[in-house]
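Quick notes on the structure that follows.
We did not get these values from a lab; they are worked out from the coordinates using the rules stated. Quick caveat, the model's predicted, so the values are computed rather than measured. Virtual Cβ from ideal backbone geometry, glycine too; neighbours counted across all protein chains shown.
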Amino acid sequence: MELATKLICGKMGWPSGLRGDDVLEQIVGVDLGGTKFLMVCGDEVHQIRTGRGFSPQDLESNLKEFIAKLRAPPTGIGIALPGLVQGAERVVSCDVLPKMTGWSAAASFKGATCRIVVVNDVKAALAEEIHYAAPGITAGIVMVGTAVGAIKTSAATRGPTLRSFIDTSP
């Protein structure tokens, strides 16, 4: 399973041995990249191919179809994708999937009954890998996929969480 998806639905999501429908929270993890669109929630997994022509409408329709197959509505959706993300919600630039540039989760999923967070895939992967790290650790990660990205971070007082990587400024 991809690191960005593990961040949302993997080892951080549910205690070992439990399935998504056994707990109160039902989180959908989405790993969107230049060649694939992976959606995961508990034991439910669906993957389709993407490419430069992949559009916000493709994301929205496939995600809604995936959610409709779940036993219960999600309590949260996390979407990791390549590119610059502003405010955990809006894609500022995405050269791998150019039609995603300018896409806003809030505008696309008006009336959603759960929180939807959008984050850069490299930041999501790094947050996952250092979630249980000792305070003050300096870490780095390199991901190789359709595009190559790298990020390095240092935490001063405690191990970072996904929240520490999400730019919430307007």
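When each of the peptides 132-139, 68-75, 91-98 is scored by the mean number of other C-beta atoms lying within 10 Å of its residues, the order from highest to lowest reads 91-98, 68-75, 132-139. Extension gain for the segment CYS114 to HIS131, taken as residue separation times 0.36 nm less the Cα-Cα distance, is 3.8 nm to one decimal. Taken along the Cα-to-beta-carbon direction at a fixed 7 Å, the label points for LYS36 and SER104 span 3.2 nm.
At full extension, ARG49 and SER93 could sit 13.8 nm farther apart than now, given 0.36 nm per residue minus the alpha carbon distance.
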